[in-house]
Structures are given as structure tokens and as C-alpha cells.
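Here's the structure we're looking at; comments come further down.
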Amino acid sequence: MLKDRNTLAMVAEHWGCSIGAVEWQWISGRLRGIRVTGRLLFTKEDVISCYAKCIANGKMPGSAPKRRNMKGSEPTKEKFCGLRDRNTVAMVANHWGCSAATVHRLIKNGTLACLYLGGVIRITREQVEACEAKCDTSQQAAQQAAALRQIREDTPSSHPTKLGR
């Protein structure tokens, strides 16, 4: 149910699309909105008008145009679907199928480079590619890790173990 003033989330829920899709309509000038204390607000009339225009053109309001290559003949295939030029920790975690804590750990130990922009972490697509190139999951790496474990198990410890625990 729309109100007189609606936030991005309210419009996205009403249209059944993502907040990013509503932002796209606003950025492209199809949806008029005003900024109040850092928040975008949309009137009920503007939301209904934009929705009607999109439907009249045969598109859902949440649909963005397909990216085309230089010749304009076919859409380009993104190397990393879902990743942008600048990504949040959550976006990278979602791309890799891991937790945000794992991405933070990779940043902390230096495996994954990042940008600190105003106290917010951003990770470029190139940094994601470089990290993925570093992470070698080949059979050879697994064999080397198994060999190291075996050496550690065969080497006597210099610390006596406590018995009776």
C-alpha cells in the first residue's frame, strides 16, 4: 500500500522488484523523487505514473536495459555476474558463497586488497580477480598441504604434553 511519501524500499515492495531497480528508474529520470535528509522519497502519484509508463512500453519498472557491446548487436557477457566495479564486503561474500567474516579475514591477513573510502570498505573487480588468482585450489596444492601435515605429525614436539586432562 503506497503512502503520500514513499521510500525506496516501499516502492520496491510495491513493484515486486529490488531497491536497485527503483534507484535505476530514479537515476534514468523515469521516476521523480526528492531527497530529504539523505533519503529519497517518492510521491504516490509519481510511483503510479512511472509504473504506468513502464507497463505501456511493455516493460516492468524493475527492468534495466541490457548492456550492449561496441557494435550494439549482442549483450556483453559479464565476467563476474553480480559484481560491479566497486563492491561491498557483502557483495563479494555473496559472489563467493561465503560469509562476510571470511571476506573481512582475507582483507585483514592481506590476501584480499581493498579500498577504504570514508570508513567504508570497497573491493574492486580487479582486486577480486587478483585474490582468486592467488587462491590455488589445484591438486598439487592439496598434496603439498598433506605432505606438510605428515611432516608435522612425524616430528616430535619440544613441549611435553600434559596428561590427565
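Derivation of every value follows stated rules applied to the coordinates shown; laboratory data play no part. All values derive from a computational prediction rather than experimental measurement. Note: ideal-geometry Cβ built from the backbone for every residue, glycine included; neighbour counts use all protein chains shown.
Sum up the charges of everything whose Cβ sits under 13 Å from the Cβ of Y116, counting Lys and Arg as +1 and Asp and Glu as -1, but leave Y116 out. Kindly include the intermediate steps, with their values, before the conclusion.
Values: positive: R86, K108, R122; negative: none.
Every neighbour counted, the sum reads +3.
Between R39 and E132, take the C-beta separation as r, use R0 = 35 Å, and let me know the FRET efficiency to the nearest 0.05. Don't skip to the end; give the middle numbers.
Values: r = 36 Å, r/R0 = 1.03.
FRET efficiency, R39 to E132: 0.45.
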